[in-house]
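Only one structure is covered here, and it is reproduced in the block below.
The values are calculated or read from the model by the stated rules, or taken from the named source; none is laboratory data. Predicted model, so just to flag it, every value in this text is computed and none were measured. Note: accessible area is taken over every heavy atom of the protein model, side chains too, but ligands, DNA and RNA are not part of it. Shrake-Rupley method; radii C 1.70, N 1.55, O 1.52, S 1.80 Å.
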Amino acid sequence: MGQNQQIQTPDEELELRSIYDLYKFFITECPSGSLYLHEFKRMFGVQNGTPEAQYMDNIFRAFDMNHDNTMDFLEYVAALNLVLRGKPENKLKWSFKVFDGDDNGYLDRRELQKIVMIIYRIKKGSMSNEAGIENLTPGQVCARIFEEVDVNNDGELTVLEFLEGAQRSPWLQSFLHFEVNPSAQKQRKSNVIWPL
């Protein structure tokens, strides 16, 4: 081995192999090198005109870092890295950004109710209290989130209130965590949408 070559550990080899596999998947799905919103939705089996489609629009915009209405490979890898390996605080900040539909830095009850309804549909109506006994309605979930998180009771959640509230509430963490299976990922589940 030359002086400039480094020995790769098995973890580094796996990492390189994973990136290569991601690239192969990405370029197969997006031969142009740019992932468009309709391709992003197709990866997750989401149809237009559904509440989930609107939610996917928000997710896509949150990951489109340069705001060119596409996701290039670097944005795609950055998104997957955040979702799969990111720190909980960063995941919560990202979740807040996705929730904040009007991008004003606050979540009001209308924005939260809309997201709760989508999560409710994705979880197929199964939201319960800590004991797992009571099946909560979306309205009850929204009220509970505001009760636990809106410390100044002004009817809006700031990113700081959201972060601190979610970090201290196991119930909210459980509510925000679910798995989806991207259709193209061949049975490999990953916490893609709400990765807490």
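Each of E111, E164 has its accessible area taken with a 1.4 Å probe; listed largest first, they run E164, E111.
With θ set to phi - 60° and the Karplus curve 6.51 cos²θ - 1.76 cosθ + 1.60, what are the ³J(HN,Hα) couplings of the stretch 146-153 in order, to the nearest whole Hz, using x for Gly and Pro? Once θ is set to phi - 60°, the couplings for the stretch 146-153 become 5, 4, 7, 10, 7, 5, 8, 6 Hz.
Amide H contacts of D150 (H built 1.01 Å from N, in plane; Pro and chain starts excluded): no residue 5 or more places away or on another chain comes under 5 Å. For R110, the accessible area of its heavy atoms, probed at 1.4 Å with every protein chain present, is near 140 square angstrom. Largest accessible area first, the residues M65, M117, M43 order themselves as M65, M117, M43 under a 1.4 Å probe with ligands, DNA and RNA left out. Computed with every protein chain present, the accessible area of L136 is close to 10 Å² [probe 1.4 Å].
Each residue of the stretch 107-118 was assigned a 3J(HN,Hα) from its phi angle through the Karplus curve 6.51 cos²θ - 1.76 cosθ + 1.60 (θ = phi - 60°); the sequence is 10, 9, 4, 5, 5, 5, 4, 4, 5, 4, 4, 5 Hz, with glycine and proline shown as x.
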